[in-house]
Structures are given as structure tokens and as C-alpha cells.
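*Asks:* Below: one structure in C-alpha cells.
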Amino acid sequence: MMPFSDIKKIREQIRTKKISVQEVQNVYVDRFKKFDDKIGSALEIFSNPEAPQNPDAPLYGIPGLIKDNICQKGRIASCSSKILENFVAPYDATAVERFKIAGAYSLGRANCDEFAMGSSTETSAFQLTRNPWDITCVPGGSSGGSAASVAAGLIPWSFGSETGGSVRQPAAFCGVVGLKVTYGLISRYGLIAYASSLDSIGICTRTVYDSALVLSQITGPDSKDSTALQDVKKIDYTAQLTGKIRPGMKIGIIDNALNAEGIDAGVRTLLDDAITALEKLGAKIERISLPSMDHGAAVYFMISRAEAASNLSRFDGVRYGYRSKNSEDLLELYENSRAEGFGREVKRRIMIGNYVLSAGHADAYYKSAKIVQEIMRQEFLDAFKSVDLLFMPTTPCPAFKFGAFKENPLQMDLQDYFTAPINLAGLPAISVPCGFVDGMPIGMQLIGPHQSEELLLQTAHAYEQAHDWHTKYPEWLK
Ligand code: GLN
């Protein structure tokens, strides 16, 4: 078995008994041992992974890596934060439960930005994750460990989480496929909340086919999550992956996004090539403009911080995780536990969140942001009256160096410009590799209306199969 095999191939080899489930596991455990001290994608590789049970199940014997803000029963779920460093999850997230039923299993926990807050995985309290294509660059974030491990061939699939782009952006930086689904398509039960109205579990894989394979096993209603979509039927998302796009397909290029200030010239060239390729595949290309997108990052900034402040109030040193040892009374216990347990970025967001929700400011900030969110959402829905899918960049530039935005955190937030609007509108989107700039991978983004995952995957797959980006990997990781 080749280390850079996709799930489809590994599954075939297990089925035809060319390789055993144990041998597959050994290959990946050995690769983590050999390479992950340089990459830092995993916080933990289990010494005793749960053995998959049902040989007839669709993902039998396929290991994955799970972002550390997703609960795996009996395992630590730290959110890469000191405050939850020793917190052991009492139950499986629904998505975890479902991939286990499908025969897959988890090999460990993926590093991420603390509480999924960041675009570079630099805010993890524990370690840096490095981009496998150039270890002096970030892997993106917040699901940096999830994307880097798949890109490095250390694991065939991983879970990340999306609030404003945290699966698509690192997928683009690391040259893998990143899927963010319609809000509620995958249950949030067991995903530790950052901004609940935007949060969603996402999938990183080497190919679009693999993304569809994993997705097919984890969707569906869930009585434990009232925001999970209740009316979804079980779909085999691989069924439409013919290598062709749907006849008569119209793709709307979001022109103001493509021409946004600050897009790297190399990225721009690759995106123009991708548009030409989609046209060659038979898509009808239309140019449209979504003016409210320009406010996406600002709106996301306020709504995500407001919800984070509220969600993170539960970490008080009493109920979960870290408790300060040097406190005289209860108030001091709260204050010291939070002061010592949370990192800088998380504290900054809690403070901003409480500010935008405070009595004197909620109307000016939080409520205005909610109004603009609705306008944006409407603008997307209107666009889908005339086109089937939308197209824009995933990120403005290739992966950047560590510390690039140290002096300017606001500049880091602009990384979310092309991704956060999609979470604000609750839409599905996928980032697919579309080439390299100076040796670093670049992603393009396709966006669809609510619950259009089939069409989205079909189109992304056709594009992918017409290229060979997905067969490339960093040579030193052979
Ligand atoms: N980069 C964004 C942020 O810092 C997105 C994070 C996410 O999607 N979890 O909030």
C-alpha cells in the first residue's frame, strides 16, 4: 500500500485481502512516528485505537484523525487549550459514532487553533503544526492538524470543524480537499461550541470521491442536536461522481471576490485557468457580483465573538477542565482559572464578544451584524435563482510564514474574507486544489445552495479528474 493512497484504493485492497486492517494501521502509525515530529499534526496517536468491528461496513478498517474539539468517548478533547488539557470526553460526537458504525476508526487527535480560533494553527496551546509542502509555512487553520496530516500522507481522512473557513482554508494551504456542508447536515452534537449558529464538522481528504464517501456515512437527523436538519434522507454522495458535470450547469463567478484587492497574482492566474477548465467541461460561466460579501469578514468577526463569549463562559474552573490552585474565594477561582487556562487569542475574542453584546453596544454592533448577515444570505439566495453554483478563491494567497501577522491580528482576520460569508449564509462549499504557486498548493472554492452537496461534489470531482493535482505530494514525505 502506498502512503498517499486514497480511501477508495485502501478499501479495495482490504476487501480483496491484499492487505489486512492491522497492516493498514501499522503503515499509518509508522508514518506518524517517522514524520510527525517535523509536522506536528497530531496531539496524540492512540496506543490502543478501537478495533473496527463490521467487515461488511463501507469504510471498514479506514483510519482517520479527529480534530481535538470533537468528542471521542474516553479520550481527551482539549480544543488545543490548556483549560481542557485533561478533559476526557464522556461520549462520542454523533459524527464519530456514525463513522464507527460505518467501519472506520480514529487513530488520534489533530492539533488546531485554540477553540478553533485562528487561521494558522499558531494559537494552539501545545504545539505548532507545519505545512508539509514547506515546513517554514503555516498549514492554515484552525483545522491545521487535520489538513496537514492528510497532505503528508499520515492518514487518509480527517475531521476538522468550520465556523468561518477552518476546513477550507487549511485544505487550500495544504493541497487537499476540504468540505464544509450545509449548516445542520452533520450533527453538531459532541462538537465543542465556538459560535454555535455557524459551527459545523467538516471533512479533509485527498480526493473529492473520498470526501463523498465519508460524508455519505455521517449525515442525518439527530435528536441530540435540535439544529441538525431533520428532513434529510440518506444519500450516497458518490453515486453522481461520473467525471462529468451536469448538462446545462451554470456557474457564477463572484467577480468582486475574484478582483478583490490583495489577491496574489499567481493565485489569480490559477483561478482564471480553473474557470477556463470548468468551461471546457461544459459549464456555462456567468459573471455576477455580490456586493455585501465585502462586509462578510466584519460581520463574522462580531457574530463569532459574541457567540464565543457566551459559549466559553462555561469554562469556569468548576465544571470542566483546568482549575487554578491559588484562589481565596469563588470569584477568584473563576477569574484565575480563566486567566491561566485561556490563551491570548481566546481572551481577546471573549472580551470583544462581551463588548459587542453589552447593553450599551449590542444595537450598534451585534444587532447590526445580524441585519447585514440577513442581507448577505438573501444576496446568495438571489444569486442561486440564476446560477447553479458559485465560484471564488478559497484564500487570497498561498500559505504564509509563521508569525507573518504577529503584529497585525486584524490582517489575519482578513484570511476569512472568502470563507466566512458562506458560514454566515449556512451554505455548503468545497475547496479543491487548483495548482501551485512557487511550490505551494492553492485551492479554488465552489459554493452551492442549501443541501446541494451532490451537485457540488459532482462538479468538484469532474474538475479534479481533469487535472492531476490530487496525485502530487511533497517528495520528502515519500
Ligand atoms: N479563521 C476563522 C477564525 O479565526 C475561522 C475559524 C473557524 O472556522 N473555526 O475565527
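The values are calculated or read from the model by the stated rules, or taken from the named source; none is laboratory data. The structure displayed is predicted, hence computed values, not measured ones. Virtual Cβ from ideal backbone geometry, glycine too; neighbours counted across all protein chains shown. All accessible areas refer to the heavy atoms of the entire protein, side chains included, with ligands and DNA or RNA removed. Shrake-Rupley method; radii C 1.70, N 1.55, O 1.52, S 1.80 Å.
*Asks:* Select, from A151, A125, the only residue that is in contact with a helix residue (DSSP H, G or I) (Cβ under 9 Å, 6 or more places away or on another chain), among the hydrophobic types (A, V, I, L, M, F, W, C) and under 19 Å from V432 (Cα atoms). If you could, list the steps in order and put the result at the bottom.
*Replies:* Details: A125 fails: under 19 Å from V432 (Cα atoms).
It is A151.
*Asks:* Ok, one more. When only residues in the stretch 302-330 that are of a type in the set (S, T, Y) and over 30 Å from Y417 (Cβ atoms) count, which is most open to solvent (accessible area, probe 1.4 Å)?
*Replies:* Y320
*Asks:* While we're looking at this one, here's another question. Please state which one of K38, K73 is touching a Phe, Trp or Tyr at 6+ places or on another chain (Cβ under 7 Å) and open to solvent by 50 Å² or more (accessible area, probe 1.4 Å).
*Replies:* Details: K38 fails: touching a Phe, Trp or Tyr at 6+ places or on another chain (Cβ under 7 Å).
Selected residue: K73, the only one of K38, K73 that is touching a Phe, Trp or Tyr at 6+ places or on another chain (Cβ under 7 Å) and open to solvent by 50 Å² or more (accessible area, probe 1.4 Å).
*Asks:* Of all residues in the stretch 132-167 being polar (S, T, N, Q) and within 16 Å of the ligand (Cβ to nearest atom), which is farthest from Y300 (Cα to Cα)? Spell out the reasoning first.
*Replies:* Of the residues in the stretch 132-167, the ones polar (S, T, N, Q) are 136, 142-143, 146, 149, 158, 161, 163, 166.
Next cut, within 16 Å of the ligand (Cβ to nearest atom) only: 142-143, 146, 158, 161, 163, 166.
Working: S142: 15, S143: 18, S146: 23, S158: 25, S161: 16, T163: 9, S166: 13 Å.
That would be S158.
*Asks:* Does the stretch 450-458 include one or more residues that are within 13 Å of the ligand (Cβ to nearest atom), in contact with a Gly (Cβ under 8 Å, 6 or more places away or on another chain) and open to solvent by less than 50 Å² (accessible area, probe 1.4 Å)? Write out each step before concluding.
*Replies:* The first filter runs over the stretch 450-458 and keeps only residues within 13 Å of the ligand (Cβ to nearest atom), leaving none.
Scanning the stretch 450-458 turns up no residue that is within 13 Å of the ligand (Cβ to nearest atom), in contact with a Gly (Cβ under 8 Å, 6 or more places away or on another chain) and open to solvent by less than 50 Å² (accessible area, probe 1.4 Å).
*Asks:* Counting just the residues of the stretch 83-120 that are in a helix (DSSP H, G or I) and open to solvent by 10 Å² or more (accessible area, probe 1.4 Å), which one comes out farthest from the ligand (Cβ to nearest atom)?
*Replies:* Residues of the stretch 83-120 that are in a helix (DSSP H, G or I), as a first pass: 83-84, 94-101, 114-116.
Applying the additional criterion that residues be open to solvent by 10 Å² or more (accessible area, probe 1.4 Å) yields 97-98, 100-101.
Details: E97: 22, R98: 21, K100: 24, I101: 27 Å.
Across the stretch 83-120, the extreme among qualifying residues is I101.
*Asks:* Under 8 Å between Cβ atoms, at least 6 apart or on separate chains: pull out the pairs that start in the stretch 20-31 with a residue that is open to solvent by 50 Å² or more (accessible area, probe 1.4 Å) and end on any residue that is part of a loop (DSSP other than H, G, I, E, B) and of a type in the set (A, V, I, L, M).
*Replies:* Close Cβ pairs (under 8 Å, with a partner that is part of a loop (DSSP other than H, G, I, E, B) and of a type in the set (A, V, I, L, M)) amount to E23/M1.
*Asks:* Are any residues in the stretch 331-352 open to solvent by 60 Å² or more (accessible area, probe 1.4 Å) and touching a Ser or Thr at 6+ places or on another chain (Cβ under 6 Å), and if so, which ones?
*Replies:* E340, the sole residue that qualifies.
*Asks:* OK, next. Would you check if there is a residue in the stretch 37-49 being in a helix (DSSP H, G or I), out of contact with any helix residue (DSSP H, G or I) (no Cβ under 7 Å at 6 or more places or on another chain) and farther than 24 Å from S161 by Cβ?
*Replies:* Yes; the residues of the stretch 37-49 include at least one that is in a helix (DSSP H, G or I), out of contact with any helix residue (DSSP H, G or I) (no Cβ under 7 Å at 6 or more places or on another chain) and farther than 24 Å from S161 by Cβ.
*Asks:* Specify the residue that is farthest from E379 (Cα to Cα); the eligible residues are those in the stretch 429-444 that are surrounded by 24 or more Cβ atoms within 10 Å (Cβ to Cβ) and away from the ligand (no atom under 14 Å from the Cβ).
*Replies:* Going residue by residue through the stretch 429-444, those that are surrounded by 24 or more Cβ atoms within 10 Å (Cβ to Cβ) are 429-434, 441-444.
Now restrict to residues that are away from the ligand (no atom under 14 Å from the Cβ): 430, 432-434, 441-444.
Details: I430: 19, V432: 24, P433: 27, C434: 27, P441: 31, I442: 27, G443: 24, M444: 21 Å.
Among those residues, the one meeting the criterion is P441.
*Asks:* Scanning the stretch 345-365 for residues that are assigned to a helix (DSSP H, G or I) and more than 24 Å from C79 (Cβ to Cβ), which turns out nearest to the ligand (Cβ to nearest atom)?
*Replies:* To start, the set of residues in the stretch 345-365 that are assigned to a helix (DSSP H, G or I) comprises 345-357, 363-365.
Those left that are additionally more than 24 Å from C79 (Cβ to Cβ): 363-365.
On the way: D363: 24, A364: 22, Y365: 17 Å.
Going through the qualifying residues, I end up with Y365.
*Asks:* So F115 ticks every box in (1) without any contact (Cβ under 8 Å) to a residue 40 or more places away in the chain; (2) more than 23 Å from M392 (Cα to Cα) but one. Which box is left unticked?
*Replies:* All conditions are met except number (1).
*Asks:* Is at least one residue of the stretch 422-437 at pLDDT 95 or above and over 29 Å from Y237 (Cα atoms)?
*Replies:* Residues of the stretch 422-437 that are at pLDDT 95 or above, as a first pass: 422-437.
After this cut, where a residue has to be over 29 Å from Y237 (Cα atoms) as well, the list is 437.
For the stretch 422-437, residues at pLDDT 95 or above and over 29 Å from Y237 (Cα atoms): present.
*Asks:* Which residue is farthest from I285 (Cα to Cα), if the candidates are limited to the stretch 373-404 and must be within 16 Å of the ligand (Cβ to nearest atom) and buried (at least 22 other Cβ atoms within 10 Å of the Cβ)?
*Replies:* Once the filter is applied, the top-ranked residue is A399.
*Asks:* Among (1) over 30 Å from E464 (Cα atoms); (2) in a helix (DSSP H, G or I), which single condition is S327 missing?
*Replies:* (2)
*Asks:* Tell me whether the stretch 158-171 contains one or more residues that are among the hydrophobic types (A, V, I, L, M, F, W, C), at pLDDT 95 or above and over 10 Å from the mean Cα position of the chain (by Cα).
*Replies:* We begin by selecting, within the stretch 158-171, every residue among the hydrophobic types (A, V, I, L, M, F, W, C); these are 159, 167, 171.
From what's left, at pLDDT 95 or above: 159, 167, 171.
Going one step further and asking which of them are over 10 Å from the mean Cα position of the chain (by Cα), we end up with none.
So far as the stretch 158-171 goes, no, none of its residues is among the hydrophobic types (A, V, I, L, M, F, W, C), at pLDDT 95 or above and over 10 Å from the mean Cα position of the chain (by Cα).
*Asks:* Also, I was wondering about something else. Does T205 fit the bill of being in contact (Cβ under 8 Å) with a residue 60 or more places away in the chain, within 16 Å of the ligand (Cβ to nearest atom) and more than 21 Å from D388 (Cα to Cα)?
*Replies:* Numbers: in contact (Cβ under 8 Å) with a residue 60 or more places away in the chain: yes; within 16 Å of the ligand (Cβ to nearest atom): no; more than 21 Å from D388 (Cα to Cα): yes.
Here the answer is no, as T205 does not meet what is asked.
*Asks:* If you don't mind, another one. Could you please let me know if E407 is more than 27 Å from T269 (Cβ to Cβ) and either within 16 Å of the ligand (Cβ to nearest atom) or at pLDDT 95 or above (or both)?
*Replies:* Values: more than 27 Å from T269 (Cβ to Cβ): yes; either within 16 Å of the ligand (Cβ to nearest atom) or at pLDDT 95 or above (or both): no.
For E407, the condition - more than 27 Å from T269 (Cβ to Cβ) and either within 16 Å of the ligand (Cβ to nearest atom) or at pLDDT 95 or above (or both) - is not met.
*Asks:* A further question on this structure: Could you give me the residue pairs with C-beta distances under 8 Å whose first residue belongs to the stretch 143-154 and is on the phi > 0 side of the Ramachandran plot, whose second residue is of a type in the set (S, T, Y) wherever it lies, and which are 6+ apart or on separate chains?
*Replies:* G153/Y473
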